[in-house]
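Everything on this sheet refers to the single structure shown next.
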């Protein structure tokens, strides 16, 4: 069934859950009422969320093969196109996690190009507020989002260069993409971006006329995103525009829509208060998350270490034991972190994200059912989408901004004990060492 929602400015498909909440945050900050769904919404489901200016779908394609990605994305993109949204964005991680075999961004581009008939596909990966910078086509990333970590070229990044599934071995995104798609990638470089809006527009047209089907746009400073947003929005005049990139797309368009008074930015959020107790389940093996776990345990959080390999071998006893331990701690008012050993043991490397994420989601769901916990944190990019599904979540909407890139949300989960709870999904690179303490307190001291 086709349908039109003329007030939908942007619909996005995220390649994992934590990255999708990142896009949700920046649209919400810009003043767009936005809901993030687990599956592409039907006409009937959208009617339950009146007044939306934007919506997203929290996918799981980052952990898929190219064939599975195409099978998933083709009907999803067709459904998003039918909304009549001005923009449809395939949202990827700001560290461009992908390979020819897993989470291929090139395959997503090829699939989108079959549905949307752009003159060229804008590609924006830089997100300066998150510590992601693109210069002459090369991506640089700060160690940790919302932290003061050092900045590294992507292929020398201490975490991303050693990612267990998609290690970064090339910082030039044009070369990286050339291994995933036959489409040629052009560049509007930082010199044009820094010069003027006219220079950006001229170079964009030059790249399109030269036959580039994808055009990467550099960015170093947050204020440059206004010009980039104007450029991208202008490409939607001929119909729905398909773009690819990080939440820099939402930041750029949001800035432009605020500048033109299409949207009014949200300047403040209601204080969410302290969560007592807080439940964290973590499948991440990022060294950033590992440092956050160590900090929280030192601060008094109870640790429950699970055997990820056993869980992935369908050992229900391990899951049930973790649930019982978590309930005992939570019902004694203790903050709890259930995790896999993370970067210290690397036991999650090469284990199926679907099995591990589903098990973590089951632990969170049953712990919510048997305790008074009101706030949940799910840490881990590849596992988060599966965890959200296991928790029975239909959609989330942002209620507070605590750490850039990881908003606090309210869950809609009909028939699940998670319904109405506060949830936070954290990617592996997000936050400083005190991240879980910040989520427990509901504020940054």
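Would you mind putting 107-118, 403-414, 89-100 in packing order, based on average other-beta-carbon counts within 10 Å, highest first?
The peptides rank, most packed first, as 89-100, 403-414, 107-118.
How big is the range 7-47 along each principal axis, measuring the range of its Cα positions in Å and listing the largest first?
Reported extents, whole Å, longest axis first: 26, 23, 11.
Going from the alpha-carbon gyration tensor of the range 262-367, what semi-axes, largest first and in whole Å, does one get by taking the root of 5 times each eigenvalue?
26, 18, 15
Need the full-extension length gain, residue 65 to residue 175, defined as separation in residues times 0.36 nm minus the C-alpha distance. One decimal, nm.
Additional length available on full extension: 37.6 nm.
Across the range 10-259, what fraction of all alpha-carbon pairs, as a whole percent, falls in each successive 5 Å bin from zero upward?
With 5 Å bins starting at 0, P(r) equals 1, 7, 15, 20, 22, 18, 12, 5, 1, 0.
Relative to the longest principal axis of the C-alpha atoms of the chain, give the angle of the C-alpha long axis of helix 224-234, reported between 0 and 90° and rounded to the nearest 10°.
On a 0 to 90 degree scale, this one is about 70.
Tilt of helix 287-298 relative to the longest C-alpha principal axis of the chain, in degrees (0 to 90, nearest 10)?
Approximately 30 degrees, to the nearest 10.
If each of residue 268 and residue 197 carries a label point 7 Å out from its Cα toward its Cβ, how far apart are those two points in nm?
3.1 nm
Could you tell me how many degrees, from 0 to 90 and to the nearest 10, lie between the Cα long axis of helix 353-369 and the main elongation axis, the longest principal axis, of the Cα atoms of the chain?
In the chain, helix 353-369 runs at an angle near 50 degrees to the longest axis.
Restricting everything to alpha-carbon atoms, can you work out Rg to Rh for the range 278-441 with a Kirkwood hydrodynamic radius?
Rg/Rh: 0.92.
Expressed as a fraction of 2.2 N^0.38 Å, the rule-of-thumb size for a compact globular protein of N residues, what is the C-alpha radius of gyration of the range 42-190?
After normalising by residue count via 2.2 N^0.38 Å, the value is 1.11.
Have a look at the DSSP beta bridges in the chain and tell me what percent are antiparallel, nearest 5.
Percentage antiparallel, nearest 5: 30.
Hey, with R₀ at 30 Å, roughly what FRET efficiency would residue 295 and residue 155 work out to, going by the Cβ-Cβ distance, to 0.05?
It comes to 0.60.
Distance from a point 7 Å along Cα→Cβ of residue 223 to each backbone N in the range 129-156: keep the residues under 20 Å and list them by number.
129-135
Using a simple spin-label model with points 7 Å from Cα along the Cα→Cβ vector, what separation in nm is obtained for residue 184 and residue 136?
Taking the simple label geometry, residue 184 and residue 136 are separated by 2.1 nm.
Send over the per residue convex hull volume for the chain, Cα only, as a whole number of Å³.
It comes to 126 Å³ per residue, whole-number rounded.
On a full-extension model of 0.36 nm per residue, what is the gain between residue 334 and residue 374, subtracting their alpha-carbon distance, rounded to one decimal in nm?
Roughly 13.1 nm would be gained on extension.
Sorted by packing (mean other beta-carbon atoms within 10 Å per residue), highest first, where do 180-193, 202-215 land?
Highest mean packing first, the order is 180-193, 202-215.
Rank-order 139-145, 382-388 by packing density, defined as the average count of other C-beta atoms within 10 Å over each peptide's residues, highest first.
382-388, 139-145
FYI, it's all coordinate maths here, none of it is from the lab. From a predicted model like this one, the values you see are computed outputs, not experimental measurements. Counting neighbours? That spans all protein chains shown, and the Cβs are built from the backbone with ideal geometry, glycine included.
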